[in-house]
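Participant: I'd like to ask you about the structure that follows.
The values are calculated or read from the model by the stated rules, or taken from the named source; none is laboratory data. Here the structure is a predicted model, which means the values were calculated and not measured. Neighbour counts are summed over all protein chains in view; Cβ atoms, including those assigned to glycine, are modelled from backbone coordinates with ideal geometry. Accessible surface is based on the protein model in full, side chains and every heavy atom, while ligands, DNA and RNA are left aside. Shrake-Rupley method; radii C 1.70, N 1.55, O 1.52, S 1.80 Å.
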Amino acid sequence: MVLTLSCAYFFNSDNLCQGLKEEGGSHSWSVEIPKCLQSNHLEADFRKRKIEQQTQTGPQMEPEVDESVGTQFEQPLEPQIEQTIMTEDIPKAFIDQKDLRQKQAKKCTVIGGSGFLGQHMVEQLLARGYAVNVFDIRQGFDNPQVQFFVGDLCSKQDLYPALQGVNIVFHCASPAPSSDNRELFYRVNCTGTKTVIDACKEAGVQKLILTSSASVVFEGTDIKNGTEDLPYAMKPIDYYTETKILQERVVLAANEPRRNFLTTAIRPHGIFGPRDPQLVPILIDAAKKGKMKFVIGNGKNLVDFTFVENVVHGHILAAERLSRDSALCGKAFHITNDEPVPFWVFLSRILTGLNYQAPKYHIPYWLAYYLAFFLSLVVMVLSPVIRIRPTFTPMRVALAGTSHYYSCERAKKLMGYRPVVNLDLAVERTVQSFYHLRKVK
């Protein structure tokens, strides 16, 4: 009697024998084996059926088992089953959905992506394999890898298309701190940010990373190694700071892990680097006009200046570490170069690097502050008649004459943050990028 097996298995061993028929005194077994069962179960059922057959036909009728059948029950069977499960049993829809989730997790929108920080953000995100949308009031550069959306930040209708299918939003749009347009600051930083939050929730965005500012805790007096636990400034130094406080509050309050909407805020300080439209150009312009001859105070006040690539690195780390159960949810983080430097030493390195003289005369801090305060009163009195924009203001005196540097310990501990470019190299690269502004000797 020769046994012939057809291996296509059922889940229940009682159904193992699909049929047993006798032809010419020999028996042919047709057995169906389901893919999901392992070889040990198959062999046990085979032996069971073998014993039953022996009982029916007598002990003298020892079945002859083909060598190929015996081989089939041994080692080759399990790899065959595993291969079948991999290629047939996993639904294609499941694989497609997983692939879609992976792609969506790497898709982001940079709001304010045409600005100084925004452009650097886009470049670093692309380098790390992200698909990037940019939303801004204008298209500031061309890149075939980027999809641009131009519109009004306060219009949900304009914003929504830029957020569809996106997992992460970086919100770094803001008027320049040097502006004195109070209405513009409130419109962009307050009204615009509330619109961003609403649009993100409607579009199914999971993570919102805000570019805030360390100045939200600064009131014009010394801050040394300040932490994120410091209270918001009760007397903000300008409209920019006033609205950044309101902006940060509303973003952090919008954090809702139960609804899968997570927020965090990054607080850089003194951002600088290649293509900087503020710090270096304004400094060089003042030097050309002979306004960089005086040091306010003793020149020893320490301040944080942060290279733009370190700021971007902090944002991306926050986005990648932000999750429902992480300590980043609804929190703010200081991101700096972690190398406080005397304010006037830093400015002098930029100036001398571009062939301008460093300031060498000292003026007491208190005298500079009261002169600036008196000038601001004169400007206010004359404002109905003539509009003047003074550059010598109490705010700028405070920024130049006090210490204000901040601890990055929270970011180091919870995000694994470390500056990727040290201060010396950052200054060198910045000076080289502004070669066109150098003074010809």
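Participant: If we count every other residue with Cβ under 15 angstrom of ILE296's Cβ, Lys/Arg +1 and Asp/Glu -1, where does the sum land?
Facilitator: Working: positive: LYS291, LYS293, LYS300, LYS360, ARG396; negative: ASP222.
That works out to +4.
Participant: Same structure again: For the range 186-282, what class follows from the C-alpha gyration tensor (a ≥ b ≥ c being the square roots of its eigenvalues): rounded when a/c is under 1.5, otherwise prolate if a/b is larger than b/c, else oblate? Each step should come with its number before you reach the end.
Facilitator: Values: a/c = 1.94, a/b = 1.52, b/c = 1.27.
Judged from the Cα gyration tensor, the range 186-282 comes out prolate (a/c at least 1.5, a/b above b/c).
Participant: Given Cα pairs under 8 Å that are at least 6 residues apart, what percent is the relative contact order of the range 219-296?
Facilitator: 14
Participant: Here's a follow-up. Quick check: the distance between the Cα centres of the range 195-247 and the range 296-342, to the nearest angstrom?
Facilitator: After rounding, the separation between the Cα centres reads 13 Å.
Participant: Follow-up question, since we're still on this one. For the range 173-186, in order, what is each residue's ³J(HN,Hα) by Karplus, 6.51 cos²θ - 1.76 cosθ + 1.60 with θ = phi - 60°, in whole Hz (x at glycine and Pro)?
Facilitator: Working through the residues one at a time gives 7, 6, x, 4, x, 6, 5, 10, 8, 4, 4, 5, 4, 5 Hz.
Participant: Using per-residue counts of other Cβ atoms within 10 Å, averaged over each peptide, order 186-196, 364-374 from highest down.
Facilitator: 186-196, 364-374
Participant: Here's a follow-up. Considering only the range 209-366, what is the antiparallel percent among its DSSP beta bridges, to the nearest 5?
Facilitator: The antiparallel proportion sits near 20 percent.
Participant: Could you work out what % of the accessible surface of the range 177-335 is carbon and sulfur, using a 1.4 angstrom probe and leaving DNA, RNA and ligands out of the count?
Facilitator: The nonpolar share, carbon plus sulfur, comes to 50 percent.
Participant: Which whole-Hz couplings ³J(HN,Hα) result when phi for each residue of the range 214-222 is put into the Karplus expression 6.51 cos²θ - 1.76 cosθ + 1.60, θ = phi - 60°, listed in order with x for Gly and Pro?
Facilitator: Each residue's phi maps through the Karplus curve to give 5, 5, 5, 10, 9, 10, x, 10, 4 Hz.
Participant: Nothing charged except the Cβ atoms of Lys and Arg (+1) and of Asp and Glu (-1): what's the magnitude of the dipole of the range 129-199 about its Cα centre? Round to the nearest 20 debye.
Facilitator: 120
Participant: Give, as a single signed number, the net charge of other residues whose beta carbon lies under 13 Å from the beta carbon of VAL146, with Lys and Arg counted +1 and Asp and Glu -1. Display every interim value, and only then the final one.
Facilitator: Numbers: positive: LYS107; negative: GLU123, ASP136, ASP142.
That works out to -2.
Participant: With every protein chain left in place, what is the accessible area per residue of the range 357-397 in square angstrom, probe 1.4 Å?
Facilitator: 78
Participant: Answer rounded, prolate or oblate for the range 312-394, using the Cα gyration tensor with square roots of eigenvalues a ≥ b ≥ c: rounded when a/c is under 1.5, else prolate when a/b is larger than b/c, else oblate.
Facilitator: Oblate, since a/c reaches 1.5 and b/c is not below a/b.
Participant: Please work out whether the range 238-288 counts as rounded, prolate or oblate from its C-alpha gyration tensor, where a ≥ b ≥ c are the square roots of the eigenvalues and a/c under 1.5 means rounded, while otherwise a/b larger than b/c means prolate and anything else oblate?
Facilitator: Prolate, because a/c is 1.5 or more and a/b exceeds b/c.
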